1. Look through the stretch 194-212, keep the residues that are free of Cβ contacts under 8 Å to residues at least 24 places away in the same chain and in contact with a strand residue (DSSP E or B) (Cβ under 8 Å, 6 or more places away or on another chain), and return whichever of them is most open to solvent (accessible area, probe 1.4 Å).
2. Just to be sure I understand the filter: pairs with C-beta atoms under 6 Å, separated by 6 or more residues or on different chains, first member in the stretch 148-168 and among the hydroxyl-bearing types (Ser, Thr, Tyr), second member open to solvent by less than 40 Å² (accessible area, probe 1.4 Å) and not in a helix (DSSP H, G or I). Which pairs pass?
3. Mind checking which residues of the stretch 76-112 are under 30 Å from Ser133 (Cβ atoms) and either at pLDDT 90 or above or touching a strand residue (DSSP E or B) at 6+ places or on another chain (Cβ under 7 Å) (or both)?
4. Restricted to the stretch 164-187, and to residues that are under 13 Å from Ile150 (Cα atoms) and assigned to a loop (DSSP other than H, G, I, E, B), which residue is least open to solvent (accessible area, probe 1.4 Å)?
Amino acid sequence: SLIILLSKISSSERKLLLIFFDILMLITAIKLSIWFNNSQNQSEIFSYYWLILFSPILGVPLYVLTGQYKGITRYTGSRSIYFLAIRNFALIILLMFTGYIADFPMLNNKTWILTFLLSTGIIGTFKFLLRDSLLNLNLLASSVKSKVAIYGAGQAGAQLLSSLRIEDTHNVITFIDDAKHLWSRNINGIPINPRKFLKNKSSEIDQVLLAI
């Protein structure tokens, strides 16, 4: 699969593969936005296909020069999506400028906005899916890890869970908290239980990590 391939190939090969998928998703976003706003006029759709040629010509250098592929995929977070949105906004401006200079048929403002939203949404979703898939692959491939409970279901506990999932060193079984209103709820799929859970399930937990 793609995830296994990405985990085995070199960084330069991985970069080229990510560039290929970004081009594919850019073209998909452009096609969808043009089709959505011109679905009743098929003859007009083809007049905008210059965008399919110029979006990778302008987009790939922009992505490369602004660090799109320098980040480590498994550490992708919301910050990278904000930067992706800025890059795509810059790409839309470049495409508009190119169309104006070359006197190509221009999209209306609504279609430009839709192109920006779709390209950012599709590429951003792909990045998060890729990140989660790589983390899950590491989880399956790793040896038996310590089963832990995190004591404290507040902000510190949530941050500790995120760190442990990224480092892939522990298997978090549950959160423990004394606040009754939190019992039976969860944080990112990990249930929150009262302190007595430790006594009842002591054989299933190797460590208790404090996050208070």
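1. It comes out as Arg195.
2. Close Cβ pairs (under 6 Å, with a partner that is open to solvent by less than 40 Å² (accessible area, probe 1.4 Å) and not in a helix (DSSP H, G or I)) amount to Tyr151/Ile176.
3. If the condition is that a residue be under 30 Å from Ser133 (Cβ atoms) and either at pLDDT 90 or above or touching a strand residue (DSSP E or B) at 6+ places or on another chain (Cβ under 7 Å) (or both), then Tyr82, Phe83, Leu84, Ala85, Ile86, Arg87, Asn88, Phe89, Ala90, Leu91, Ile92 are the ones that fit.
4. Here the answer is Asp177.
The values are calculated or read from the model by the stated rules, or taken from the named source; none is laboratory data. This one's a predicted model, so the numbers in the text were calculated from it and none came from an experiment. No Cβ is skipped: glycine too gets one built from the backbone with ideal geometry, and neighbour counts run over all protein chains shown. Side chains are part of the model used for accessible areas, which takes the heavy atoms of the whole protein and leaves out ligands, DNA and RNA. Shrake-Rupley method; radii C 1.70, N 1.55, O 1.52, S 1.80 Å.
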